[in-house]
Amino acid sequence: MGYLKAVLILFCSLLNLGHGRSVPIDPYWPGDHDLARFDIHYETTPGLPEGLEWNLDVWAPTAPGSYPVMYYLSGDAMGIAGEAYEQVMRHIASYGYVVILPSKTTYLLTPEKKTPEFVKIMSWCEDNLEDFLYQNQLPTDVHLDYQTLIGGAHSAGAHTLVQYLKDNGCGRFQALALMSPVDGVDPFVDWYYNEWVITEGERLNFDIPTLHIAAGLDPAPGGPQHLGGACAPTNQSNDWFWNAFNENSVRWSLNATDFGHVGLCDKAAWEGNTVIGWCAYNHEATDEQFDAYRRFVAGQTVSFIKAVFEDDCRPFINEIEDTSRYIVNATMRRNQEPKTCPHPVCRWRPAIHV
């Protein structure tokens with residue numbers, strides 16, 4: 001029996017070599033964890049403890065264990081519900097993470113003013129969420145590890161998340177993943193509000209391992225119905241953040257050149273975008289290509305998180321830095337030597353304006 005097992009292990013190793021993949025996972029396919037999915041609407045969910053005035057979408061593993069928590073702040077400064085990100089969030093959670101996505105579609109406060117709301121959300125979750133999930137069929141031997149936090153965000157959700165880290169210190173956040181981050185309030189740049197988390201020429205006052213994923217069509221204007229701007233203008237997004245990250249932050253930046261600002265959202269969400277022509281998107285891409293893009297975003301996020309927290313980061317760093325492994329067209333850059341291992345730590349200092 002031992003001989004047979006050895007032969008099987010060797011055979012599987014050869015298969016992996018044949019595919020050029022030494023990493024112990026294929027991050028572009030979902031992980032092994034079965035998940036429980038919770039849609040908590042503060043106005044309609046029975047038995048909800050008082051104090052929460054936001055909706056929470058939660059994806060949690062069901063096997064016994066303690067799982068790191070990712071807070072993911074959606075686009076439109078936490079204005080897009082979790083259903084739009086179902087595939088990407090489920091994919092990430094399937095590797096052993098609890099993903100919490102707060103949203104409120106009617107909440108009109110600007111991103112900066114949502115930061116105190118985010119603080120309240122985190123406090124509510126630590127005090128109430130685990131017990132509430134147990135009451136709604138999550139196994140009681142599943143635990144949320146609030147000592148190990150990962151920050152994730154898309155579009156203007158990144159404004160709120162970066163604002164939190166800038167103003168409140170690192171808290172327990174140890175890694176940061178930003179997808180097409182947008183500063184300001186809306187794509188019209190000061191059309192109504194003048195509010196920025198980044199000041200040109202200044203570095204952010206915290207350093208943290210960071211993955212940045214851009215979409216090539218982020219700065220392109222939408223369809224003919226659009227009012228004239230882009231969903232992620234060049235002077236508000238992507239390089240605007242990349243150039244402001246603290247120089248001590250170990251970080252990678254990927255650019256999926258064939259896709260647009262909402263391409264990481266599920267089909268129903270970006271099909272809605274095609275009706276209103278709000279964000280530019282790839283009109284030639286097939287359903288299979290959009291699916292590959294969502295798996296790319298999720299898989300790179302998983303590789304990054306594992307690179308931060310696993311004892312041996314190298315196979316996961318290879319997934320990020322070896323563009324020949326990518327399943328979509330994308331470029332990669334980094335601010336450190338190749339194969340540099342990030343450490344799960346965030347360092348904060350008071351902001352100094354120049």
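From the list 204, 144, which residue is modelled with pLDDT of 95 or more and touching a strand residue (DSSP E or B) at 6+ places or on another chain (Cβ under 9 Å)?
It is 144.
On the basis of being on the phi < 0 side of the Ramachandran plot and in contact with a His (Cβ under 9 Å, 6 or more places away or on another chain), does residue 130 make the cut?
Yes, satisfied.
Which one is surrounded by the fewest Cβ atoms within 10 Å (Cβ to Cβ) among residues in segment 128-144 that are out of contact with any Pro (no Cβ under 6 Å at 6 or more places or on another chain) and within 30 Å of residue 197 (Cβ to Cβ)?
Residue satisfying both the conditions and the ranking: 144.
Go through (1) modelled with pLDDT under 90; (2) under 24 Å from residue 308 (Cβ atoms) and name the single condition residue 76 misses.
(2)
Among (1) crowded, with 22+ Cβ neighbours inside 10 Å; (2) modelled with pLDDT of 95 or more; (3) of a type outside the set (A, V, I, L, M), which single condition is residue 183 missing?
(2)
Mind checking which residues of segment 52-77 are closer than 20 Å to residue 269 by Cβ and touching a Pro at 6+ places or on another chain (Cβ under 6 Å)?
54, 56, 77
For segment 145-155, state whether one or more residues are surrounded by fewer than 22 Cβ atoms within 10 Å (Cβ to Cβ) and β-branched (Val, Ile, Thr).
Yes, some residue in segment 145-155 is surrounded by fewer than 22 Cβ atoms within 10 Å (Cβ to Cβ) and β-branched (Val, Ile, Thr).
For segment 41-77, how many residues meet the condition of being closer than 18 Å to residue 129 by Cβ, over 20 Å from the mean Cα position of the chain (by Cα) and of a type in the set (A, V, I, L, M, F, W, C)?
The total comes to 2.
May I ask you to verify whether residue 253 is surrounded by fewer than 21 Cβ atoms within 10 Å (Cβ to Cβ), within 17 Å of residue 178 (Cα to Cα) and at pLDDT 95 or above?
Working: surrounded by fewer than 21 Cβ atoms within 10 Å (Cβ to Cβ): yes; within 17 Å of residue 178 (Cα to Cα): yes; at pLDDT 95 or above: yes.
It is true that residue 253 is surrounded by fewer than 21 Cβ atoms within 10 Å (Cβ to Cβ), within 17 Å of residue 178 (Cα to Cα) and at pLDDT 95 or above.
Of all residues in segment 155-166, how many are in contact (Cβ under 8 Å) with a residue 60 or more places away in the chain and touching an Asp or Glu at 6+ places or on another chain (Cβ under 9 Å)?
Residues in segment 155-166 being in contact (Cβ under 8 Å) with a residue 60 or more places away in the chain and touching an Asp or Glu at 6+ places or on another chain (Cβ under 9 Å): 7 in total.
Quick check: anything in segment 267-275 more than 24 Å from residue 67 (Cα to Cα), more than 18 Å from the chain's Cα centre (by Cα), of a type in the set (Asp, Glu) and modelled with pLDDT of 95 or more?
no
Have a look at 61, 111, 116 and point out the one that is of a type outside the set (A, V, I, L, M), over 17 Å from residue 37 (Cβ atoms) and at pLDDT 90 or above.
Criteria check complete, one pass: 116.
I want to confirm something. Restricting to segment 45-84 and keeping residues that are touching a helix residue (DSSP H, G or I) at 6+ places or on another chain (Cβ under 8 Å) and of a type in the set (Ser, Thr, Tyr), which single residue is surrounded by the fewest Cβ atoms within 10 Å (Cβ to Cβ)?
Only one residue fits best here, namely 71.
Any residue at all in segment 289-309 that is over 18 Å from the mean Cα position of the chain (by Cα) and exposed (fewer than 14 other Cβ atoms within 10 Å of the Cβ)?
no
Tell me yes or no: at least one residue of segment 77-85 is in contact with a strand residue (DSSP E or B) (Cβ under 9 Å, 6 or more places away or on another chain), part of a helix (DSSP H, G or I) and without any contact (Cβ under 8 Å) to a residue 60 or more places away in the chain.
The answer is yes, given that some residue of segment 77-85 is in contact with a strand residue (DSSP E or B) (Cβ under 9 Å, 6 or more places away or on another chain), part of a helix (DSSP H, G or I) and without any contact (Cβ under 8 Å) to a residue 60 or more places away in the chain.
Could you count how many residues in segment 92-148 are polar (S, T, N, Q), closer than 27 Å to residue 264 by Cα and in a helix (DSSP H, G or I)?
1
Conditions first: (1) of a type outside the set (Val, Ile, Thr); (2) outside any helix (DSSP H, G or I); (3) under 18 Å from residue 116 (Cα atoms); (4) in contact with an Asp or Glu (Cβ under 6 Å, 6 or more places away or on another chain). Residue 170 passes all but one, so which condition is the exception?
Residue 170 satisfies all of (1) of a type outside the set (Val, Ile, Thr); (2) outside any helix (DSSP H, G or I); (3) under 18 Å from residue 116 (Cα atoms); (4) in contact with an Asp or Glu (Cβ under 6 Å, 6 or more places away or on another chain) except (4).
Restricting the search to segment 318-344, which residues are more than 25 Å from residue 215 (Cβ to Cβ) and touching a strand residue (DSSP E or B) at 6+ places or on another chain (Cβ under 6 Å)?
Listed by number, the list holds a single entry, 344.
The values are calculated or read from the model by the stated rules, or taken from the named source; none is laboratory data. Predicted model, so just to flag it, every value in this text is computed and none were measured. Every residue, glycine among them, receives a Cβ derived from its backbone with ideal geometry; neighbour counts consider all protein chains shown.
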